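Single-structure report; data block below.
The values are calculated or read from the model by the stated rules, or taken from the named source; none is laboratory data. Note that the structure is predicted; figures quoted are calculated from it, not measured. Cβ sites come from the backbone with ideal geometry, for glycine too, and all protein chains shown count toward neighbours. Calculation scope for accessible area: heavy atoms of the full protein, side chains included, ligands and nucleic acids excluded. Shrake-Rupley method; radii C 1.70, N 1.55, O 1.52, S 1.80 Å.
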Amino acid sequence: MNLWELGVVDAAELLSKREVSSEELTKAVIGRVRDCDGKTGAYLTFDEEGALAAARDADARRAAGEDGPLLGVPVAIKDLINVKGQPCTCASKILKGYVSPYDATVTERLKTAGAVCAGRTNMDEFAMGSSCENSALGETRNPWNLEFVPGGSSGGSAAAVGGDLAIAALGTDTGGSIRQPAAFCGCVGVKPSYGRVSRFGVTAFASSLDQVGPMTKTVRDSARLLGALCGADGRDGTMPPEPVPDFEAATSNPSPKGLKIGVPREYFMEGTSPEIVESVKKAADEMARAGAEVEEVSLPHTDYAMAVYYVIAPAEASANLSRFDGVRYGYRSPRSEDVFTLYTRTRAEGFGQEVKRRIIMGTYVLSSGHYDAYYGRAQKVRTLVRRDFEKAFAKVDALLAPVTPSPAFKLKAVLEPLQMHLSDIFTVPASVAGVCAMSVPCGLSAGGLPLGVQFISAAFAEEKMFRAAAAYEALRGPMPKPRL
Ligand code: GLN
């Protein structure tokens with residue numbers, strides 16, 4: 001087996017037994033990226049020297065007697081998470097050339113655990129999009145078929161993990177940006193409960209929705225990586241003082257026996273590809289046959305979640321993105337004549353179409369006269385969506401649902417923004433409600449592209465979600481790999 005094919009748990013075991021060094025493992029990943037990333041374009045930048053230095057450092061820590069579940073494991077990082085001394089572009093022209101002066105909390109935690117920050121992955125600009133095509137800095141292709149999109153916004157991280165160009169990666173999910181690309185590229189992707197992982201040092205898109213999460217080859221890999229990212233952080237005031245359970249323990253001895261699984265009726269709407277509907281039903285049947293109690297549940301406000309999201313997310317984005325003004329960060333228009341044109345030209349030239357569209361929508365719904373009708377109303381409906389989930393989770397441990405209405409689509413095939421937004425229809429509700437959700441590969445479409453199923457559990461009930469996902473993964477058996 002090639003070292004670059006390993007996942008987190010398997011790599012850590014070889015490292016722990018000293019059968020392989022972190023330097024060897026990191027070199028193998030770098031070799032694979034050099035060989036194949038010309039095709040996939042998963043990475044925007046890769047500081048090979050920096051990664052190798054960190055790997056040698058991890059090896060030195062091990063030689064000094066340290067061991068740990070991530071010590072020496074390389075992890076790719078979406079290009080909106082700050083890593084000191086590395087670029088952090090958010091795939092935007094406005095941040096091209098920007099170098100982070102500090103580490104995000106998640107970066108700091110990875111480094112403390114001895115993980116190696118290895119490469120910066122492509123994304124939709126400022127995490128706005130579902131195909132990676134909104135990146136201003138590069139094109140990413142699906143490793144299963146290079147004519148197809150990898151999904152988005154964490155498309156680079158998904159392509160890297162799905163194509164074995166990374167052992168694991170970090171992504172962020174605001175309305176589906178971890179789960180949707182994970183499903184498109186055949187990897188596991190976890191959106192933790194809102195407030196589970198610190199957002200300090202993560203470039204903000206929509207602050208009441210954003211979460212960082214793992215993208216990996218197995219459910220257990222994700223549980224391990226998430227464990228390292230969690231825990232109270234005084235620099236993020238939205239984290240409740242919840243204990244961090246041992247997520248990985250929830251994935252051992254996976255069995256569906258005793259699990260209560262709900263299948264939400266509203267997630268099987270017209271227009272969903274029959275292959276997706278079939279694969280979710282098959283997963284539910286398999287779990288029922290293996291001893292889970294499966295029942296249909298209803299989340300009646302599902303239909304409104306998209307409307308809520310596309311008011312709240314742009315509103316928050318319009319406020320968050322006001323900091324990019326040509327004064328403090330990155331790009332400044334050379335054509336500015338005074339302070340007014342400095343702001344307007346920098347932003348006009350620096351931001352792409354979709355980002356501008358969100359800022360305009362966001363300022364509109366927040367403007368006086370429209371605030372109550374749109375933003376205030378959306379917050380109220382958000383509560384209704386959350387209550388639907390609370391009611392369902394009074395009865396079941398996890399919901400089993402589709403991740404996306406279709407498998408990956410072709411590059412440049414979806415040009416209409418509203419059509420693109422529809423690919424988040426099954427991921428947005430969990431984001432709006434703040435509950436945890438993850439996608440797990442469940443097979444291939446007739447066209448040879450990966451399909452995924454989604455497991456959703458209550459806020460801060462990640463253990464239940466991991467238990468259900470691990471049980472399903474064990475029933476499913478091994479997934480094929482793409483040929484690159
Ligand atoms: N695709 C959704 C959007 O464009 C979700 C993005 C995300 O989760 N960051 O807003």
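A few comments on the model shown:
- Per the conditions (1) under 16 Å from ILE312 (Cα atoms); (2) touching an Asp or Glu at 6+ places or on another chain (Cβ under 6 Å), the sole criterion not satisfied by LEU366 is (2).
- Criterion (touching a residue at least 24 places away in the same chain (Cβ under 8 Å), away from the ligand (no atom under 13 Å from the Cβ) and either within 24 Å of the chain's Cα centre (by Cα) or open to solvent by less than 10 Å² (accessible area, probe 1.4 Å) (or both)) met by exactly one of TYR329, TYR310, TYR304: TYR304
- Single residue of GLU349, GLU354 found to be assigned to a helix (DSSP H, G or I) and over 22 Å from the mean Cα position of the chain (by Cα): GLU349
- When restricted to residues that are without any contact (Cβ under 8 Å) to a residue 60 or more places away in the chain and closer than 30 Å to ARG34 by Cα, the stretch 457-484 contains 3.
- Of the set (1) assigned to a strand (DSSP E or B); (2) buried (at least 24 other Cβ atoms within 10 Å of the Cβ); (3) touching a Leu at 6+ places or on another chain (Cβ under 9 Å), all apply to ILE261 but (2).
Per-residue answers, yes or no, for (1) touching a Ser or Thr at 6+ places or on another chain (Cβ under 6 Å); (2) β-branched (Val, Ile, Thr); (3) open to solvent by 20 Å² or more (accessible area, probe 1.4 Å):
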site	(1), (2), (3)
ASP173	no, no, no
ARG220	yes, no, yes
PRO254	no, no, yes
GLU270	no, no, yes
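- Answer from ASP59, ASP79 - the residue that is in contact (Cβ under 8 Å) with a residue 12 or more places away in the chain and open to solvent by 10 Å² or more (accessible area, probe 1.4 Å): ASP59
- Candidate set from the stretch 428-444 (those that are among the small types (Gly, Ala, Ser) and more than 13 Å from the ligand (Cβ to nearest atom)); member that is nearest to VAL311 (Cα to Cα): ALA433
- Of the listed requirements (1) touching a Cys at 6+ places or on another chain (Cβ under 9 Å); (2) open to solvent by 20 Å² or more (accessible area, probe 1.4 Å), ALA53 misses just one: (1).
- When the helices (runs of 4 or more DSSP H) confined to the stretch 1-95 are screened for residues that are touching a strand residue (DSSP E or B) at 6+ places or on another chain (Cβ under 7 Å), those reaching at least 3 such residues are found at 22-40, 48-63.
- Taken over the stretch 405-427, the criterion of being within 19 Å of TYR304 (Cβ to Cβ), of a type outside the set (A, V, I, L, M) and in a loop (DSSP other than H, G, I, E, B) is satisfied by PRO405, PHE426, THR427.
- The residues on offer are ALA430, ALA401, ALA437, ALA446, and the sole one that is touching a residue at least 24 places away in the same chain (Cβ under 8 Å), hydrophobic (A, V, I, L, M, F, W, C) and part of a loop (DSSP other than H, G, I, E, B) is ALA446.
- The listed residues are ALA413, ALA459, ALA446, ALA437, and the only one of them that is over 21 Å from GLY258 (Cβ atoms), surrounded by fewer than 24 Cβ atoms within 10 Å (Cβ to Cβ) and in contact with a helix residue (DSSP H, G or I) (Cβ under 7 Å, 6 or more places away or on another chain) turns out to be ALA446.
- Apart from one condition, PRO402 fits all of (1) within 15 Å of the ligand (Cβ to nearest atom); (2) within 26 Å of ALA446 (Cα to Cα); the exception is (1).
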